[in-house]
C-alpha cells in the first residue's frame, strides 16, 4: 500500500518536474493580422480567367489571420510549431454592385486551419544536426527569384504579408570546419501545396546535396538534386562584399528535366477543329540554363538600391508564348460540353505554369529603407520583362504605429498587353491591414 | 687585423641601423598585445561569449527609445561569427543580424529568407551603433602609436587604427588603451573623408570569471554623435557568459528559426 503511495508521489514529482521543464523551455508569441484587399482582374473572353471561372478571385475581400509561433528549446532538441487559423471574408458576397467582376462564390466567410511549420531539430554534438518536419525551404541570394531552389516553386516575395505553403523535409547538416558545411536534403512530402494536386504536377520526392563555403568576404554554395522522374538540377550561387556599401551576388543553374506547363496544338480534321493542350510533356526533358546576377548599394543617407537581371532558359520564347496565348484564346471560348473540362484545365495550367515568370529575360529593381525615423519601412519595386515589354510595379509600406502594432499597405500594378506575362491576369491589387504582435 | 676592424665596424653600423628597428618591432608587438587584450575585454578573441545588450537612445537629454538584444559571438581560428537577436521592443522582436567575418545577413518576420546586406546597410535603422561593440580591431585594423597621454587620470596609449580593407564601417579609429589594465577607454570613429562620425567611451564594471580568474569586462559604452553632440546612445551589457555554441547558431539558414 505504502509502496504504491510512494510510487505515485515519485511519478507525480517526476511528472511535475517534467512539466516544469517543458514550461520553462517554451516560448510563444502570436501575430494577429486583419486586412482588406481589392483586386482588379481581367475576366473577359480571351483572357486566362474568363468569367473568373478559373482563378475564382474576389474583387473585395478581407481576412482575420491568427499566426501563433510556439517554440521549445532544451539541450539538443528544438521544436517549432506554427499553426494557422485564417478566416477569409468574401466582401463581394455582401455587395449587390453589378459592376463587380463575376463573383463566383456566395459564401460570406470561409475558414481554414493549417500548419505553416512543425519541425524538430536534433543536435548531434556541436557540429551536426538533423532537421525534420513541415516548413519552407528557402535557398539562394536573390530577392525576387531563386532558380537554385529545386524544392519550392513559389519563392517570390511579391507580398510578404501572405505566407506561401510549406512542404515536408528531412535534412542532415554537418559543419566540416569554419569554412565548409554540407547538407543532405530530402523533400519527402508535398503537404498542402495545390500545385502538386490535380490538375497540376505529380509530386516526386526530391533528394539533394548542398556544399557551402564561407570565406572572409564571400560565400558560395553548390547544390545538386534529383528525383525519380529523372529531373536533375545543378546550382551554384554565392555573394561577395565588394565594399562596405556594395554587395554582388549570382545564381547559376542548369536543369535537366523540369516541371513546366507549355501549350501545344492537337491537330484536328481541319484547323477550326484543332484543340490545344497545355501539358508538362517531353519538351521539358532537355537542358535549361538559368543565370541571375544582382547587386545592391546602400547610400550614406540610408536607402538601399538593388538591381537584378536574370535569364531563364525555362521561360518561353516568342513562338512558345504565342502558342500559349493562342491556347488561352481558344480555351477561354470553350465553356460547354466536352471541351469545357479540357479548356478549364488548360486555363488553370496557363495561370500556374510551374514557374514564377513566363518569359526569359527580366530586370528587377528595388529601392527601400528599413526603420526610417524608427517607425517606417518602405520598399518600392519594379520588374520588367524584356521579351514582351510588360512590367510590374509594387510597393510595401510598413508603419509601426506602436511597439506592437504595425499598419501596412501593399500595392501591385501590372502593365502590359493582354498577351504578356504581367498583363494576362491581374490589373492591380491593394492590400491594407494591421498586424498586432502579442 | 684589418679584417677584425672591418668586422667591428660592420657590427657597429649594423647595430646602428638595426636598433631602432628592433625597438619599433618590439613596441609594435607590445602594442599589438595591448590591442588584443583590449579586444578581449570587449568580447573579442574568445571562443564563445554571450551577453544581453540594453540600448538607450537619448536626444536632447531625453530617452527616445530603448532596444534589447542578445549578442552571441565567437572567434575561432581567426574567424569571427556573431548573431545579434533583437528581443524588444516588440516591433523589432525576432529580427536578427548575422555576421560571419564580412558576410552579413538580416532577417525579420515576413521575410522568407535572410537577405544578404552590406555593413553600411547594417548601420542604418535599429542596428545602428551596435557596430561599435565590434571587437576585432587587432585583426581588422593596422595600428600605430600616436601618443601616450593621461585619460581619466591614468596613462593611456593612443593608437591610430587604419582599416585593412574597404569593408570596414569606419576607415580610421583613434583608440585610447589604458596602459596598465589594457582596457579600451575611448574611441573616435572617422569616415573615409576624415570626418569624425562618433565617439565612444567604454566602462568595465562587469566582473566575469574567465579561465579561473575574475576579469573586468565591458559593461557600458556611451556613444556621442559628432553632428548632434546632445544625441547619445548608451549600451549596457549584462549577463555575460562564456560558452561554446553549436555550429548551427551562426548559420544563416537557421536565422528564421
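Can you find even one residue in region A:186-209 that is more than 21 Å from the chain's Cα centre (by Cα) and closer than 30 Å to residue B:73 by Cβ? Scanning region A:186-209, I find no residue that is more than 21 Å from the chain's Cα centre (by Cα) and closer than 30 Å to residue B:73 by Cβ, so the answer is no.
Yes/no per residue for (1) at the interface with chain A (Cβ under 8 Å from one of its Cβ atoms); (2) out of contact with any helix residue (DSSP H, G or I) (no Cβ under 9 Å at 6 or more places or on another chain); (3) in contact (Cβ under 8 Å) with a residue 12 or more places away in the chain; (4) part of a helix (DSSP H, G or I):
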| site | (1), (2), (3), (4) |
| --- | --- |
| B:85 | no, yes, yes, no |
| B:90 | yes, yes, no, no |
| B:94 | yes, yes, yes, no |
| B:111 | yes, yes, yes, no |
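Let's see how each residue does on (1) part of a strand (DSSP E or B); (2) surrounded by fewer than 20 Cβ atoms within 10 Å (Cβ to Cβ):
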{"site": "A:327", "(1), (2)": "no, no"}
{"site": "A:340", "(1), (2)": "no, yes"}
{"site": "A:357", "(1), (2)": "no, no"}
{"site": "A:391", "(1), (2)": "yes, no"}
{"site": "A:407", "(1), (2)": "yes, yes"}
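Taking the criterion of being facing chain B (nearest Cβ under 9 Å) and within 22 Å of residue A:209 (Cβ to Cβ), the only residue of region A:153-170 that qualifies is A:155.
Confirm whether residue B:71 is buried (at least 22 other Cβ atoms within 10 Å of the Cβ), away from every other protein chain (no Cβ under 12 Å) and closer than 21 Å to residue B:234 by Cβ. Here the answer is no, as residue B:71 does not meet what is asked. Return yes when residue A:51 is farther than 30 Å from residue B:245 by Cα, out of contact with any helix residue (DSSP H, G or I) (no Cβ under 6 Å at 6 or more places or on another chain), surrounded by 11 or more Cβ atoms within 10 Å (Cβ to Cβ) and modelled with pLDDT under 85 and no when it is not. When the stated conditions are applied, residue A:51 passes them. The number of residues in region A:198-251 being away from chain B (no Cβ under 14 Å) and touching a helix residue (DSSP H, G or I) at 6+ places or on another chain (Cβ under 8 Å) comes to 5. When residues in region B:232-250 are screened for being under 18 Å from residue B:198 (Cβ atoms) and part of a helix (DSSP H, G or I), 0 of them pass. Within region B:201-231, being at pLDDT 90 or above and not in a strand (DSSP E or B) holds for B:204, B:205, B:218, B:219.
Is it the case that residue B:117 is within 14 Å of another protein chain (Cβ to nearest Cβ), under 20 Å from residue B:79 (Cβ atoms) and modelled with pLDDT of 85 or more? Yes.
Residue check: residue A:371 meets all listed conditions (1) in contact (Cβ under 8 Å) with a residue 12 or more places away in the chain; (2) crowded, with 16+ Cβ neighbours inside 10 Å but one, namely (1).
Considering only residues of region A:298-313 that are modelled with pLDDT under 95 and surrounded by fewer than 21 Cβ atoms within 10 Å (Cβ to Cβ), which is farthest from the other protein chains (Cβ to nearest Cβ)? The residue in question is A:313. The single condition from (1) under 15 Å from the mean Cα position of the chain (by Cα); (2) over 30 Å from residue A:149 (Cα atoms); (3) surrounded by 17 or more Cβ atoms within 10 Å (Cβ to Cβ) that residue B:32 fails is (3). Candidates in region B:132-165 are the residues that are within 12 Å of another protein chain (Cβ to nearest Cβ) and surrounded by 16 or more Cβ atoms within 10 Å (Cβ to Cβ); of these, the one that is modelled with the lowest pLDDT is B:136. Scanning region B:193-219 for residues that are surrounded by 13 or more Cβ atoms within 10 Å (Cβ to Cβ), without any contact (Cβ under 8 Å) to a residue 24 or more places away in the chain and farther than 17 Å from residue B:151 by Cβ returns a single hit, B:219.
Given the structure, is residue A:379 buried (at least 17 other Cβ atoms within 10 Å of the Cβ), closer than 21 Å to residue A:413 by Cα and free of Cβ contacts under 8 Å to residues at least 40 places away in the same chain? Taking the combined requirement at face value, the residue satisfies it.
The values are calculated or read from the model by the stated rules, or taken from the named source; none is laboratory data. None of the values given here were measured: they were computed from a predicted structure. So basically every Cβ, Gly included, is an ideal-geometry build from the backbone, and we count neighbours across all protein chains shown.
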